[in-house]
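Asker: Following this message is one structure expressed as structure tokens.
The values are calculated or read from the model by the stated rules, or taken from the named source; none is laboratory data. This one's a predicted model, so the numbers in the text were calculated from it and none came from an experiment. So basically every Cβ, Gly included, is an ideal-geometry build from the backbone, and we count neighbours across all protein chains shown. Protein only, heavy atoms only, side chains kept; ligands, DNA and RNA dropped before computing areas. Shrake-Rupley method; radii C 1.70, N 1.55, O 1.52, S 1.80 Å.
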Amino acid sequence: MGGIVGNRAIESAAIQWIIKLEGAAGRAALDTRGGGGVADITSPPRTIEVKAFGGVARGQDLWLETTQVNAAL
């Protein structure tokens, strides 16, 4: 059967898909995970955060990191 399993794998697949969509729209999207930035993708003028969670977290609030809140402000 196969498929994408696990939050990290889901996020990685989503990021690849979003980068393709952004490119098709004429924006230069970059995967910025682990680079100390505030989001997973930069695609000027957009900043895109990707979150995958499930199981016991389903239906709960989605917490932002302090750097993300500060950047938004």
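Asker: Ranked by accessible surface with a 1.4 Å probe, highest first, in what order do ARG8, ARG46 come?
Answerer: Heavy-atom accessible area, descending, gives ARG8, ARG46.
Asker: Give me the percent of accessible area attributable to carbon and sulfur for the chain, probe 1.4 angstrom.
Answerer: Carbon-and-sulfur percentage of accessible area, whole number: 58.
Asker: Using the basic label-point model (7 angstrom from Cα toward the beta carbon), what is the LYS51 to LEU21 distance in nanometres?
Answerer: Placing both labels 7 Å beyond Cα along the Cβ direction yields 1.7 nm.
Asker: Ignoring ligands, DNA and RNA, what accessible area per residue does the chain give at 1.4 Å, in Å²?
Answerer: 75
Asker: Please identify, among GLY54, GLY37, GLY23, the residue showing maximal mean-square fluctuation in a Gaussian network model of the chain using a 10 angstrom Cα cutoff.
Answerer: GLY54
Asker: Could you work out the helix-only [θ] at 222 nm for the chain, with each DSSP H run of four or more residues adding -39,500 (n - 2.57) and the total divided by the number of residues, to the nearest 500 deg cm²/dmol?
Answerer: Taken over the chain, the calculation gives -10500 deg cm²/dmol.
Asker: Summing +1 for each Lys or Arg and -1 for each Asp or Glu, what net charge is found among the other residues whose Cβ lies under 10 Å from the Cβ of ALA52?
Answerer: +1
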